[in-house]
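Report on one structure; see the data block that follows.
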Amino acid sequence: YQRRVHGEMSVKLDVETGETASVATYESFPTCSMIEEFMLLANVQVAAKIYEHFPSYAFLRRHPAPSEGQFEALQQALADRGHEPLDLQSSASLAASLNRTTDPEDPFFNVLVRMLTTRCMQQARYFPSGEFNYSDFRHYGLACPIYTHFTSPIRRYADDVVHRQLAALLGLTGLSEGMTNKDHMHEIAENINYRHTQAQHASRDSSNLHTGFFFKGRTERATGYVIFRRDNGVVVFVPKFGIESIVWARPEGPDLLDAKIFDKMEVDISIRTDDGSRNKLVIEVAQGPPPPPAPPKGQKRDAETAELETATTQPDAAPGDAKPKLKKKKKKKAAAAAPST
């Protein structure tokens with residue numbers, strides 16, 4: 001069973017035990033992109049329709065264009081590697097410049113640039129249409145003049161609101177008094193925006209939880225990329241596992257002060273327990289020989305299960321031979337349970 005966590009990470013669970021079997025970067029397929037395109041088209045068409053009928057309180061979603069200052073660090077990092085700056089004049093020009101920003105020797109480089117570009121942008125937000133001029137409805141990230149969420153009513157309350165508005169304009173049902181009040185719709189939008197932010201935090205916590213389960217009792221060596229610089233270390237993203245953490249600069253370790261964004265480094269990943277008995281993920285610059293490979297999650301349990309099955313299915317012992325201890329225990333349990341029946 002695989003579920004997507006925190007955007008870039010997926011977690012694979014053991015269907016029998018529920019244990020975290022693996023963590024990795026989420027893999028997307030061409031069919032996913034095709035479905036997403038159809039969903040985007042549906043959302044755009046519905047947004048235009050409800051705005052046409054409810055110009056003051058249509059429930060929409062906007063994404064402001066980013067400012068130059070938000071991209072300053074990323075633009076400098078690209079320049080340091082000899083790349084042209086990203087063109088932020090429009091979403092179309094940004095997409096074109098992202099397509100050009102590649103590294104023939106490292107296919108993941110373009111993926112990383114796109115990930116950092118997304119982080120430089122503002123969050124999209126829900127709003128009732130009466131709060132902004134039409135020119136401010138634009139969704140920059142999707143290059144749409146008007147947009148809403150319609151296609152996922154089973155998991156987003158915003159889609160439920162839009163479904164009610166669409167059903168009303170089609171004459172299938174009426175709207176409540178609150179649904180025709182701009183101030184009330186503003187309160188709904190702000191609450192959903194807040195809950196969406198909280199859900200993102202919960203998703204990150206879920207990611208951290210499963211990461212802790214997976215790395216407990218093991219050390220993994222992998223390639224990481226520097227994505228942010230600090231005065232006392234760097235933030236490293238590890239594509240193999242879809243995780244990121246701070247690599248602290250240490251007097252006895254390698255010098256990290258000269259590390260630049262997009263630099264590669266080999267790192268060791270493990271779980272440590274601090275003085276307060278709390279487990280935390282630790283990523284350090286790899287030194288010395290690589291750690292021994294850890295057994296796959298669930299392997300120990302499988303061995304124990306096999307031993308148990310062997311003990312319970314072996315033929316009865318010959319006269320004079322010692323009986324299997326497991327069978328003796330079963331007989332004692334049966335004898336003890338007999339009086340109670």
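The values are calculated or read from the model by the stated rules, or taken from the named source; none is laboratory data. All of these numbers come straight from a predicted model, not from anything done at the bench. Ideal geometry is used to build each Cβ from the backbone, glycine not excepted, and the neighbour counts take in all protein chains shown. Areas reflect the complete protein model, heavy atoms only, side chains present, ligands, DNA and RNA absent. Shrake-Rupley method; radii C 1.70, N 1.55, O 1.52, S 1.80 Å.
Here are a few things to note about the model shown:
- Residue in the stretch 81-88 that is surrounded by 12 or more Cβ atoms within 10 Å (Cβ to Cβ) and acidic (Asp, Glu) present: yes
- Residues that are among the hydrophobic types (A, V, I, L, M, F, W, C) and closer than 30 Å to Ile227 by Cβ, drawn from the stretch 112-152: Leu112, Val113, Met115, Leu116, Cys120, Met121, Ala124, Leu142, Ala143, Cys144
- Verdict on Tyr51 being modelled with pLDDT of 95 or more, hydroxyl-bearing (Ser, Thr, Tyr) and open to solvent by 50 Å² or more (accessible area, probe 1.4 Å): yes
- Per-region count, the stretch 279-291, residues under 23 Å from the mean Cα position of the chain (by Cα) and of a type outside the set (A, V, I, L, M, F, W, C): 3
- Conditions (1) closer than 12 Å to Glu220 by Cα; (2) touching a Gly at 6+ places or on another chain (Cβ under 8 Å): number failed by Ala249: (1)
- Considered as a group, the residues in the stretch 125-137 that are touching a residue at least 24 places away in the same chain (Cβ under 8 Å) and surrounded by fewer than 19 Cβ atoms within 10 Å (Cβ to Cβ) include one that is farthest from the chain's Cα centre (by Cα), and that residue is Gly130.
- Just one of the listed residues (Asn110, Asn99) is open to solvent by 70 Å² or more (accessible area, probe 1.4 Å) and part of a helix (DSSP H, G or I), and it is Asn99.
- Residue match in the stretch 242-257 (condition: in a helix (DSSP H, G or I), farther than 19 Å from Thr25 by Cα and of a type outside the set (Phe, Trp, Tyr)): no
- In the stretch 206-219, residue surrounded by the most Cβ atoms within 10 Å (Cβ to Cβ) [restricted to those that are in a helix (DSSP H, G or I) and of a type in the set (Ser, Thr, Tyr)]: Thr211
- Tallying residues that are of a type outside the set (Asp, Glu), surrounded by 12 or more Cβ atoms within 10 Å (Cβ to Cβ) and modelled with pLDDT of 85 or more within the stretch 281-299 yields 5.
- Among the conditions (1) open to solvent by 30 Å² or more (accessible area, probe 1.4 Å); (2) touching a strand residue (DSSP E or B) at 6+ places or on another chain (Cβ under 7 Å), the only one that Ala222 does not satisfy is (1).
- Candidate set from the stretch 149-205 (those that are open to solvent by 40 Å² or more (accessible area, probe 1.4 Å), small (Gly, Ala, Ser) and in a helix (DSSP H, G or I)); member that is nearest to Met39 (Cα to Cα): Ala199
- Which numbered condition Gln122 misses (of (1) assigned to a loop (DSSP other than H, G, I, E, B); (2) open to solvent by 80 Å² or more (accessible area, probe 1.4 Å); (3) at pLDDT 95 or above): (3)
- For the stretch 245-264, filtering for residues that are surrounded by fewer than 19 Cβ atoms within 10 Å (Cβ to Cβ) and over 21 Å from Ala79 (Cβ atoms) leaves 9.
- Residue-level check: of (1) in contact (Cβ under 8 Å) with a residue 60 or more places away in the chain; (2) in contact with a Ser or Thr (Cβ under 7 Å, 6 or more places away or on another chain); (3) open to solvent by 70 Å² or more (accessible area, probe 1.4 Å), Lys12 misses just (1).
- Neighbours by Cβ (under 7 Å, 6+ apart or cross-chain): first from the stretch 19-46, farther than 21 Å from Val161 by Cα; second among the β-branched types (Val, Ile, Thr): Thr20/Val11; Val23/Val11; Val23/Thr211; Val23/Ile243
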